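First the structure, in the form of structure tokens, and then the observations on it.
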Amino acid sequence: MKIIHTADWHLGQTFFEYDRKGEQTLFLTWFREQVKVHEVNVLFTAGDLFDIPNLSAELQRQYYTFFKEVTAKNFALQIIIIAGNHDSEAQLEVLNSLLVSMDVTVWGIVKRTEEGNIDFDHLIVPLGKREYCLVVPYLRQEDYPESDAYAEGVQVMYRELFDTLPMPDKSKLFIVMWYLQAMCSKILEKNRAERTIIGRLECFSPEVFDEEIAYTALGHLHCTQRVSRHENVRYAGAPLPMLFAEKITKKVY
């Protein structure tokens, strides 16, 4: 199974009021070709697909056209997208209804059962015949179990989600897709977007990442990096620099 992990496209971002549509279109054209050339089976986009919550008709068209074209050339491609803090979870859910026929699925919100409990089954996605992906979009206060602290509440939710998996054998079969900030991760001091979204008091210890999981695909931070000593826990980084402080960072997928 070939997987591409990407995140933080920030479509619709302007740079000092300069319209970056041309750059973003070139990126999408290039990226579409990479998916085809490498015969990718699964594409993960870990949050912040958009830079703004209110999407213009042009932005929605750009988004829809990309996924229509990339799936038309890759019939077996499965695409999984989660919302980040810049995204409008409601608008992503609406767009999801247009993309589901292309095997593109978007998780904008954490759904609830009729009893009001978190619908963990909705966050477990089959990949092929054996693997599973746990998808956790950007969580707001009402999304996770009640707790005194954000990090603690989210970790409780994560453990409950992991325990819901339909397979007792948790060895190297699972992928987690998560939007958060981990302790010891590299952030750019001048990047307010990274520092103020979650905040250092709400960072997660690297120990929360289970070593039995094959790969953890993270979004939010714009520098490509692993988390602590975990080679299989990584931030994809942003494909385009968002500000001058990012001009020397490398981007990989």
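Observations on the model:
- Unique residue being over 18 Å from the mean Cα position of the chain (by Cα) and either at pLDDT 65 or above or surrounded by 17 or more Cβ atoms within 10 Å (Cβ to Cβ) (or both) when the list is A217, A238, A245: A245
- Among the residues of the range 90-111, just one is hydroxyl-bearing (S, T, Y) and in a strand (DSSP E or B), namely T105.
- Residue that is surrounded by the fewest Cβ atoms within 10 Å (Cβ to Cβ) [pool: residues in the range 77-89 that are of a type outside the set (S, T, N, Q), touching a helix residue (DSSP H, G or I) at 6+ places or on another chain (Cβ under 7 Å) and not in a strand (DSSP E or B)]: L77
- Test: residue in the range 115-122 that is among the β-branched types (V, I, T), part of a strand (DSSP E or B), modelled with pLDDT of 85 or more and over 14 Å from the mean Cα position of the chain (by Cα): yes
- Filter result for A83 (small (G, A, S) and at pLDDT below 85): no
- Qualifying residues in the range 19-76 (those that are within 19 Å of the chain's Cα centre (by Cα) and charged (D, E, K, R)) - the one surrounded by the most Cβ atoms within 10 Å (Cβ to Cβ): D48
- Extreme residue, modelled with the lowest pLDDT, among residues of the range 38-64 that are within 15 Å of P239 (Cβ to Cβ) and among the small types (G, A, S): G47
- Failed criterion for V110 (all others in (1) loosely packed, with under 12 Cβ neighbours inside 10 Å; (2) in contact (Cβ under 8 Å) with a residue 24 or more places away in the chain hold): (1)
The values are calculated or read from the model by the stated rules, or taken from the named source; none is laboratory data. All figures in this text were calculated on a predicted structure; none of them were measured in a lab. Positions of Cβ are backbone-derived with ideal geometry, glycine not excepted, and every protein chain shown enters the neighbour counts.
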